[in-house]
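The values are calculated or read from the model by the stated rules, or taken from the named source; none is laboratory data. Predicted, not measured: the structure shown is a model, and the values here were computed from it. Quick reminder, even Gly has a Cβ in these numbers, built from the backbone with ideal geometry, and neighbours come from all protein chains shown. Surface accessibility is based on the protein's heavy atoms, side chains included, excluding ligands, DNA and RNA. Shrake-Rupley method; radii C 1.70, N 1.55, O 1.52, S 1.80 Å.
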Amino acid sequence: MQEALTFLEKEMTYHRSPICEAFRLAAKRCRTRLGETLIEAAEQMEKRSGRSFPLIWEDALGKTIPSGLLTQDETQLFVEVRAALCNTDIVMQKTLLEKYVDRFRMMAETEAQVCLEKGGMYRKLAAAAGIFLVILLI
């Protein structure tokens, strides 16, 4: 999401691309389910059904992100991003997109730290299990 938001910031603030086009371009760069979310949101916006963007964004998230994939806090952050994506003021939109990029960056760093800690613990447990097995077989 961090990379997608950075790309969307450039597309929407500097290139002034329409939101549907920016979403489709960003979706091509995504290697995760977020690409499907962006495409779904773009398709719903192109239908011009009169629905507000926050509803379209939540619906797209609900359709493309499987339940249980994200924690409650992560899901809430994904929903909150809608404020940055549909803002009509370019300066405010850029500021909000940068804010959410930073929040996703902090989340990624936290998860990377947890992964490193768990990886170290798993290596130690594997070594202990190996030693136990050797002792057991002797």
222 nm [θ] for the chain, helices only, -39500 (n - 2.57) per DSSP H run of 4+, per residue, to 500?
-> -25000 deg cm²/dmol
Might you report the magnitude of the Cβ-based charge dipole of the chain about its Cα centre, with Lys and Arg at +1 and Asp and Glu at -1, to the nearest 20 debye?
-> 280 debye
Sulfur and carbon atoms: percent of accessible area, the chain [1.4 Å] | 59 percent
Fluctuation leader among LYS124, LYS94, LYS63 - the chain, Gaussian network, Cα springs under 10 angstrom | LYS124
Kirkwood Rh in Å, taken over all unlike Cα pairs in the range 37-108 | 13.0 Å
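Find the accessible area per residue for the chain; the probe is 1.4 Å, ligands and nucleic acids are left out, and the unit is Å².
It amounts to 66 Å² per residue over the chain.
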Among GLU80, GLU117, GLU46, determine the one that fluctuates most according to a GNM of the chain built with springs between C-alpha atoms less than 10 Å apart.
-> GLU117
Evaluate the Kirkwood expression for the hydrodynamic radius of the chain, namely the inverse of the mean inverse distance over all pairs of different C-alpha atoms, and round to one decimal in Å.
-> 17.0 Å
Scoring the chain by relative contact order with C-alpha pairs under 8 Å, at least six apart, yields a percentage of 25 percent
Taking R0 as 30 Å, what's the FRET efficiency between GLU74 and SER52 from their Cβ-Cβ distance, rounded to 0.05?
-> 0.85
Once both axes come from the Cα atoms, what is the angle between helix 19-29 and the longest principal axis of the chain, in degrees from 0 to 90, rounded to 10?
-> 30 degrees
Can you tell which of LEU55, LEU38, LEU97 shows the greatest fluctuation in a Gaussian network model of the chain with Cα springs below 10 Å?
-> LEU55
Could you give the distance between the Cα centres of the range 1-56 and the range 82-134, to the whole Å?
-> 23 Å
Apply the Kirkwood formula to the range 98-138: the hydrodynamic radius equals the inverse of the mean of 1/r over all pairs of different alpha-carbon atoms; give it in Å with one decimal.
-> 12.5 Å
